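The values are calculated or read from the model by the stated rules, or taken from the named source; none is laboratory data. Source: prediction; values computed, not measured. Neighbour counts run over all protein chains shown; Cβ positions are idealised from the backbone, glycine included.
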Amino acid sequence: MDAITIAMIVLIAISAIFVLLGAIGLHRFPDVYTRLHAATKATTFGTIFLAVAVIAHGVYSYTKAGAPDQPAYIVLVAHTIVALIMLLLTNPTGAHAIARAARRSGIEPERAVIDDTREVR
Amino acid sequence: MITFLVLFVSMLLLYLLLVAGSGGGDGLLGQLFSYQEIGAAIVLAILTAAIARAMLGKAKNRVMNNPGKLLKAPFMFIVFLFPFFYAMAEANLDVAYRVITGRIRPGIVRIRPKLKTDLGRTMLANSITLTPGTLTVDIDEKSGDLFIHWINVKDTKTDDERIKAVCGSFPAWARRVVE
Amino acid sequence: MTFGPSEVLLIGAGVLSLGILISLFRILLGPTSADRVVAMDTINTLVVGLMIALGAFYRQVVFIDIAIVYAILSFVTTIFIARYMEQSREKGGSD
Amino acid sequence: MDWSLLYDAIHVVILLGIVAASVLVVRMKDLVSAAVALAAASLLLSLEFFILQAPDVAIAEAAVGAGLTTAIYIFAIKGTRRREEY
């Protein structure tokens with residue numbers, strides 16, 4: 001086993017652990033808001049590590065490939081970076097939209113010790 | 001004019017990132033871009049910026065009107081990425097711990113970060129959503145107060161202590177980058 | 001039998017599809033419709049990750065473009081459902 | 001161990017997900033929840049086209065299935081009562 005395989009095993013193991021924790025957290029937490037914590041943070045972090053593994057693979061393959069194959073790996077790395085940026089921009093915004101919609105449609109946070117939104121409306 | 005220039009540069013960079021690898025030369029630099037793609041990028045970026053300027057110029061983003069701050073903002077943003085990723089890793093270990101043990105003490109708190117521009121508020125809200133145990137629920141549009149769902153509420157006395165406990169140094173960073 | 005980067009990417013894709021299956025149970029169980037939207041948003045993120053991993057596994061660039069398009073379009077869906085729930089002002093029903 | 005077995009396993013998991021989500025669409029009484037389940041089914045269908053290596057169909061399915069039909073269904077639900085009764 002060469003170095004790139006070991007590096008990718010480490011990166012993908014971290015990504016797999018966080019993705020599975022996010023999916024299990026959907027079932028362990030009691031209400032919408034705490035589930036959003038598990039869902040957005042853990043899965044976004046896991047997907048970032050997966051994309052980093054793909055980028056590492058692309059850079060390594062670029063140095064190994066012959067001249068006619070090299071542009072394909074540049075395109076692979078650039079497009080993975082664009083997909084990662086889109087994910088990082090849209091994910092927290094979507095989570096914020098869901099949380100606001102849930103609060104305004106009247107879902108109370110369960111087991112809450114403090115709730116400042118109650119005095120506003 | 002400055003809005004137009006900002007849009008032009010960002011659209012140009014996005015297009016060039018999407019067509020990287022189109023050149024036919026040798027080596028890394030020769031393979032990156034062909035001349036046709038660079039020409040198409042400039043024409044399309046001018047068109048996009050001219051169309052979108054009327055829409056984006058209305059927001060209360062004062063950083064767009066200050067050229068010195070505008071040149072500094074991208075560099076400050078790159079410096080900001082390092083504490084941000086550290087806080088993000090910390091957040092995920094925290095969430096992992098709470099998923100495994102199920103030990104939570106949730107609540108919704110109100111904080112007043114005193115940011116003036118729309119861009120600064122957006123950046124702060126998105127950073128808070130991705131970092132330790134906090135999630136932005138709502139915003140009071142007049143005063144700029146944020147309502148934050150906190151997974152493990154700590155008892156704090158003053159407002160400053162609470163801001164410190166919720167989002168660390170992010171308001172200072174947001175002020176440094178875009179205000 | 002070989003064990004290289006392609007096989008590691010395939011294992012990562014397998015774990016992501018397991019996460020999709022676990023999240024589908026939340027769409028089945030979720031007491032309110034907000035819970036179901038959260039589960040759908042999680043599945044969106046996981047599908048984008050799966051598309052990136054399998055696109056690198058196939059070694060074809062077109063497949064990663066689909067991931068970019070998909071990330072933007074799924075965001076539109078989430079925002080649309082959230083806007084509707086915000087306006088409707090009634091408790092999400094249980095099933 | 002043969003690695004194509006894992007590839008087939010991913011394929012089967014996605015197909016099971018499509019079937020499960022489609023059954024949920026029919027069984028749900030709350031219309032918004034049914035629309036969410038339909039969006040989940042169509043996004044898994046897009047992933048299925050992706051795995052069958054048909055990128056053009058996958059893009060069309062992502063645009064129409066995940067983006068457009070959910071919006072149209074939500075517009076339709078706005079004109080009705082939220083709960084289904086029978």
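Couple of notes before you dig in:
- The sole residue among C:Met51, C:Met40 that is of a type in the set (A, V, I, L, M) and under 17 Å from A:Leu76 (Cα atoms) is C:Met51.
- From the options A:Ala16, A:Ala42, A:Ala78, A:Ala38, residue that is more than 9 Å from chain B (Cβ to nearest Cβ), in contact with a helix residue (DSSP H, G or I) (Cβ under 6 Å, 6 or more places away or on another chain) and in a helix (DSSP H, G or I): A:Ala16
- Among the residues of segment A:1-32, the one identified as over 18 Å from C:Thr45 (Cα atoms) and hydroxyl-bearing (Ser, Thr, Tyr) is A:Thr5.
- Among the numbered conditions (1) within 9 Å of chain C (Cβ to nearest Cβ); (2) surrounded by fewer than 13 Cβ atoms within 10 Å (Cβ to Cβ), the only one that D:Trp3 does not meet is (2).
- Cβ-Cβ distances below 8 Å connect the following pairs, each with a first residue in segment B:147-172 that is assigned by TED's automatic domain parsing to the domain that holds B:Gly133, a second residue that is modelled with pLDDT under 75 and among the acidic types (Asp, Glu), and a separation of six or more residues or different chains: B:Phe147/A:Asp116.
- Output for segment A:94-109, where each listed residue is within 7 Å of chain B (Cβ to nearest Cβ) and either at pLDDT below 85 or more than 18 Å from C:Gln87 (Cβ to Cβ) (or both): A:Ala95, A:Arg103, A:Pro109
- Identification of helices (runs of 4 or more DSSP H) wholly contained in segment B:1-57 with 2 or more residues that are farther than 27 Å from A:Ala65 by Cα and modelled with pLDDT of 80 or more yields B:2-18, B:35-56.
- Put simply, of B:Thr122, B:Thr129, B:Thr117 the only residue that is among the hydroxyl-bearing types (Ser, Thr, Tyr), under 19 Å from the mean Cα position of the chain (by Cα) and at pLDDT below 75 is B:Thr117.
- Segment D:9-57, subset closer than 20 Å to C:Leu29 by Cα and hydroxyl-bearing (Ser, Thr, Tyr), residue surrounded by the fewest Cβ atoms within 10 Å (Cβ to Cβ): D:Ser22
- Residue tally, condition in contact (Cβ under 8 Å) with a residue 24 or more places away in the chain, more than 7 Å from every other protein chain (Cβ to nearest Cβ) and within 11 Å of the chain's Cα centre (by Cα), over segment D:6-33: 2
- Residue within segment A:54-62 that is surrounded by fewer than 19 Cβ atoms within 10 Å (Cβ to Cβ), more than 9 Å from chain B (Cβ to nearest Cβ) and of a type in the set (Ser, Thr, Tyr) present: yes
- Complete set of residues in segment A:8-28 that are of a type in the set (A, V, I, L, M, F, W, C) and surrounded by 24 or more Cβ atoms within 10 Å (Cβ to Cβ): A:Met8, A:Ile12, A:Phe18, A:Val19, A:Leu21, A:Ala23, A:Leu26
- Of all residues making up segment B:92-119, the number that are more than 10 Å from every other protein chain (Cβ to nearest Cβ) and of a type in the set (Lys, Arg): 4
- The condition of being without any contact (Cβ under 8 Å) to a residue 60 or more places away in the chain, within 30 Å of B:His149 (Cβ to Cβ) and in contact with a Phe, Trp or Tyr (Cβ under 7 Å, 6 or more places away or on another chain) holds for A:Phe45.
- Test result for A:Ile48, under 14 Å from C:Met51 (Cα atoms) and more than 7 Å from every other protein chain (Cβ to nearest Cβ): yes
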